[in-house]
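Undergrad: First the structure, which I've put down as structure tokens, then a few questions once you've had a look.
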Amino acid sequence: MATSASLTMPAIAAWARSAVVPRGGAFKALHAHDIAAPVVQALLQRAGLDASHVDAVIAGNALGAGGNPARVLALHAGLPDTCAALTVDTQCCAGLDAVAMGVAWIASGQADVVIAGGVEAWSRSPLRMHRPLSPNESAVAYERPAFAPTPAQDPDMLLSAARYAAQHRYTRAQQEAYAIDSHQRALAHAAQMAHEIMPVAGVLHDAYPRHLDPQRAARMPVVMRSDVADADDATHDSGQAHALSALTISAQADGAAFVLLVSPRAASRLNLRTRATWVANASVGGPPEWPLLAAERAARAALKRAHATHSDAPAQAMRFVELHDAFAVQGLSFAEGLGIAPECLNPCGGGLARGHPIGASAAIALVRLLANLERHGMSGAHGLTAVAGAGGLGSAAVVRWD
């Protein structure tokens with residue numbers, strides 16, 4: 001959605017998330033609505049808003065395999081039957097794209113109060129099978145759907161990241177140093193993050209961050225290496241030197257995150273205190289062979305749109321930047337490409353330290369951004385969040401702390 005002076009941009013009145021728990025962990029028996037409902041209820045409680053005022057719920061979800069998880073969530077959370085509900089699946093981008101859609105609904109006058117974000121119950125995701133073509137054939141199981149029409153356009157995402165690391169000379173050691181730092185930041189700020197995490201199944205903190213050191217990292221197994229020979233590198237095996245280890249890939253996880261969006265007129269009518277304003281966003285596409293690059297592409301587009309109404313909107317002017325870094329090489333490339341100071345990118349740790357609940361990850365990054373801006377507390381400070389998704393999709397947004 002393009003930002004325009006003719007559109008009324010909504011405010012953000014509240015935000016919250018669950019803890020992020022590795023697949024098969026404490027949330028293994030919970031469905032998506034079980035994880036998300038306590039988060040939605042916490043939003044309403046924090047804002048002091050009765051559920052009857054919510055016009056719509058928009059939820060990102062990637063692994064639910066059909067149905068409408070947003071509708072089940074809305075009903076399970078006690079929202080009125082009249083509440084509209086829409087589920088968005090743009091894979092890793094879904095949580096942020098759902099919020100952007102909620103922004104569009106409010107900006108266009110279709111709604112005044114929208115709860116938007118994402119949820120993933122990877123532990124309870126359905127088993128996937130292709131239906132047989134004839135009665136004599138068996139169904140064929142598959143792990144993921146195609147994200148592009150041809151195999152050449154749709155490499156395994158780990159393989160694509162490994163090829164990119166080798167091509168751009170990001171070594172395994174560099175990737176592991178980035179990941180170790182992410183875990184260290186998450187551990188150091190665990191108490192600070194407690195306020196944004198709502199208890200679900202008794203879990204009050206992200207379960208994945210660990211104490212790590214380079215020696216332990218070096219012993220972790222290689223998960224993927226590039227299959228493309230580097231003719232310019234005669235000193236060693238480039239695929240091995242730039243390989244992805246288990247530490248440098250965001251772990252499969254369960255979790256949820258949502259924000260409460262309100263129009264200015266609704267905020268006034270309902271006497272709601274708003275905390276931040278949505279400035280601009282962008283949902284873009286790029287080469288499907290290199291999905292990790294789409295986050296930078298989306299960030300540049302969102303910053304350009306923000307610049308149309310706010311003169312000070314380059315990446316370096318963002319007080320905080322939250323990237324869902326599914327791969328360490330993605331974080332390294334994103335920071336280098338946008339010229340972001342390392343201390344400003346994921347200051348409390350990123351997806352590498354939390355895990356990757358696909359449909360929720362981008363919404364979790366947005367909640368993290370808002371929490372950072374709240375802690376900073378400077379009126380007029382801007383922040384950027386971004387994510388890349390399968391098939392070469394990217395999503396990003398700029399928000400302003402009020």
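Undergrad: Consider only pairs whose beta carbons are under 9 Å apart and that are at least six residues apart or on different chains; among these, list those whose first residue lies in segment 279-294 and is within 19 Å of Val398 (Cβ to Cβ) and touching a residue at least 12 places away in the same chain (Cβ under 8 Å) and whose second residue is hydroxyl-bearing (Ser, Thr, Tyr) and surrounded by fewer than 19 Cβ atoms within 10 Å (Cβ to Cβ).
TA: Sorted first by the residue in segment 279-294, then by its partner, the pairs are Val279/Thr309; Ala280/Thr309.
Undergrad: Among the residues of segment 81-135, how many are in a strand (DSSP E or B), β-branched (Val, Ile, Thr) and more than 17 Å from the chain's Cα centre (by Cα)?
TA: Total meeting the criteria: 2.
Undergrad: Just give me the residues in segment 256-281 being of a type in the set (Gly, Ala, Ser) and either more than 17 Å from Thr8 (Cα to Cα) or part of a helix (DSSP H, G or I) (or both), in sequence order.
TA: Correct list: Ala256, Ala257, Ala266, Ala267, Ser268.
To keep it simple, each residue is scored yes or no on (1) farther than 21 Å from Thr385 by Cβ; (2) out of contact with any Phe, Trp or Tyr (no Cβ under 7 Å at 6 or more places or on another chain); (3) in contact (Cβ under 8 Å) with a residue 24 or more places away in the chain.
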residue: Ile12; (1), (2), (3): no, no, yes
residue: Val40; (1), (2), (3): no, no, yes
residue: Asn68; (1), (2), (3): yes, yes, no
residue: His76; (1), (2), (3): yes, yes, yes
residue: Gln91; (1), (2), (3): no, yes, yes
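Undergrad: Check Ala365 against each of (1) out of contact with any Asp or Glu (no Cβ under 7 Å at 6 or more places or on another chain); (2) in contact (Cβ under 8 Å) with a residue 12 or more places away in the chain and name the one condition it does not meet.
TA: Single failed check for Ala365: (1).
Undergrad: Quick check, is Ser250 modelled with pLDDT under 95 and under 30 Å from Glu143 (Cα atoms)?
TA: no
Undergrad: Taking Ala166 as the residue in question, decide whether it is hydrophobic (A, V, I, L, M, F, W, C), part of a helix (DSSP H, G or I) and farther than 30 Å from Arg375 by Cβ.
TA: yes
Undergrad: A follow-up question, please. Listed residues Arg23, Arg17, Arg46, Arg71; which is modelled with pLDDT of 95 or more, farther than 22 Å from Asp206 by Cα and among the basic types (Lys, Arg)?
TA: None of the other options fit; the residue is Arg71.
Undergrad: Scan (1) in contact (Cβ under 8 Å) with a residue 60 or more places away in the chain; (2) surrounded by fewer than 16 Cβ atoms within 10 Å (Cβ to Cβ); (3) of a type outside the set (Phe, Trp, Tyr); (4) closer than 28 Å to Lys28 by Cα for the single condition Leu44 breaks and write down its number.
TA: (2)
Undergrad: If you don't mind, another one. Among the numbered criteria (1) surrounded by 22 or more Cβ atoms within 10 Å (Cβ to Cβ); (2) β-branched (Val, Ile, Thr); (3) farther than 16 Å from Leu366 by Cβ, which single criterion is violated by Val39?
TA: Looking at each condition in turn, Val39 falls short on (3).
Undergrad: Just name the residue that is nearest to Ala19 (Cα to Cα) out of those in segment 208-219 that are touching a residue at least 40 places away in the same chain (Cβ under 8 Å) and in a loop (DSSP other than H, G, I, E, B).
TA: Here the answer is Tyr208.
Undergrad: Just to be sure before I move on: is Gln330 in contact (Cβ under 8 Å) with a residue 12 or more places away in the chain, more than 30 Å from Ala42 (Cα to Cα) and surrounded by fewer than 24 Cβ atoms within 10 Å (Cβ to Cβ) in the structure I sent?
TA: no
Undergrad: Among Ala301, Ala266, Ala341, Ala276, which is the only one that is more than 17 Å from the chain's Cα centre (by Cα) and modelled with pLDDT under 95?
TA: Ala341
The values are calculated or read from the model by the stated rules, or taken from the named source; none is laboratory data. Keep in mind that what you see is a predicted model, and the values were worked out from it rather than measured. When we count neighbours, we look across all protein chains shown, and the Cβ atoms used for this are built from the backbone with ideal geometry, even at glycine.
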